[in-house]
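Notes follow once the structure below has been shown.
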Amino acid sequence: MSTPTKLKSFCSLAMAALFAYSASVQLNDHDWYFWLPLYSGASIVNLVSWVISSKPINHLGEAVLCLGIFLFIKVVMEDIGDGISGFWSMDLSERVIREKIGSGLVVISMILQLIASSSSTQSPQVSMKRQRNSYPRYVEYGMAFLVGFSYGLPFVFFVLQRGEMKL
């Protein structure tokens, strides 16, 4: 088991906070029973990864990943069927776009956490210095990009463009 780097710890904590907030606002949704477990599970996986990187979170991470993929496909099909917007749309005023982006963030986050967790198991001969930095660099940079995107997109939409959500 390796110790998470400062960048990975910060990104995991930031994503855990974002997913915890997302879970807290799901109770007024008509299909909250899908989204509450998705965001809660993602928050727990990121929160545990903030402290340590270990194998026990793999099972929860895999379950959240599967649920995230299912919900992403569900929302994309709903969007295509209703003709609300295009696949690449970032218009956060639409519910399906917010759900698509949210489930996509969970999927990417879980993939990065699972890669980090699987790469943290090293042989006992590896020195402590090398073991501390055993994560692939693309995992850390991917997590940093994910944090920037997930906090930046709502800021641009709601603060700079002053967009409003549709129900």
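The values are calculated or read from the model by the stated rules, or taken from the named source; none is laboratory data. From a predicted model like this one, the values you see are computed outputs, not experimental measurements. With ideal geometry, Cβ positions are generated from the backbone for all residues, glycine too; neighbour counts draw on all protein chains shown. Just so you know, the surface numbers come from the protein's heavy atoms only, side chains and all, with ligands and any DNA or RNA stripped out. Shrake-Rupley method; radii C 1.70, N 1.55, O 1.52, S 1.80 Å.
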statement: Taking region 35-65 and keeping only residues that are part of a helix (DSSP H, G or I), over 23 Å from ALA144 (Cβ atoms) and touching a residue at least 40 places away in the same chain (Cβ under 8 Å), one is left with TRP35, GLU62
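Assigned to a helix (DSSP H, G or I) and under 11 Å from the mean Cα position of the chain (by Cα): is that true of GLY104 in this structure? Don't jump to the end; show me each part of the working.
Values: assigned to a helix (DSSP H, G or I): yes; under 11 Å from the mean Cα position of the chain (by Cα): yes.
Criteria met by GLY104.
When the residues of region 85-109 are narrowed to those that are polar (S, T, N, Q) and modelled with pLDDT of 95 or more, which ends up nearest to VAL139 (Cα to Cα)? So that I can check it myself, show each step before the final result.
From region 85-109, those polar (S, T, N, Q) are 85, 89, 93, 103, 109; that's our starting set.
Among the residues that remain, those that are also modelled with pLDDT of 95 or more are: 103, 109.
Values: SER103: 19, SER109: 10 Å.
That would be SER109.
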message: GLU78 - would you say it is touching a residue at least 40 places away in the same chain (Cβ under 8 Å) and either within 23 Å of PHE149 (Cβ to Cβ) or surrounded by fewer than 16 Cβ atoms within 10 Å (Cβ to Cβ) (or both)?
response: no
From LEU167, LEU160, residue being open to solvent by 60 Å² or more (accessible area, probe 1.4 Å), at pLDDT below 85, more than 14 Å from the chain's Cα centre (by Cα) and under 25 Å from LEU36 (Cα atoms): LEU167
Check on CYS11, of a type outside the set (Gly, Ala, Ser) and either touching a residue at least 12 places away in the same chain (Cβ under 8 Å) or under 22 Å from TYR135 (Cβ atoms) (or both): yes
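Let's see how each residue does on (1) in contact with a Cys (Cβ under 6 Å, 6 or more places away or on another chain); (2) of a type in the set (Ser, Thr, Tyr); (3) at pLDDT 95 or above:
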| residue | (1), (2), (3) |
| --- | --- |
| SER12 | no, yes, no |
| MET15 | no, no, yes |
| LEU18 | no, no, yes |
| TYR33 | no, yes, no |
| ALA42 | no, no, yes |
| ILE52 | no, no, no |
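Mind telling me which of the residues MET90, MET110 ends up being touching a residue at least 60 places away in the same chain (Cβ under 8 Å), crowded, with 19+ Cβ neighbours inside 10 Å and not aromatic (Phe, Trp, Tyr)? Before you say what the answer is, go through the steps one by one.
Numbers: MET90 fails: crowded, with 19+ Cβ neighbours inside 10 Å.
The unique qualifying residue is MET110.
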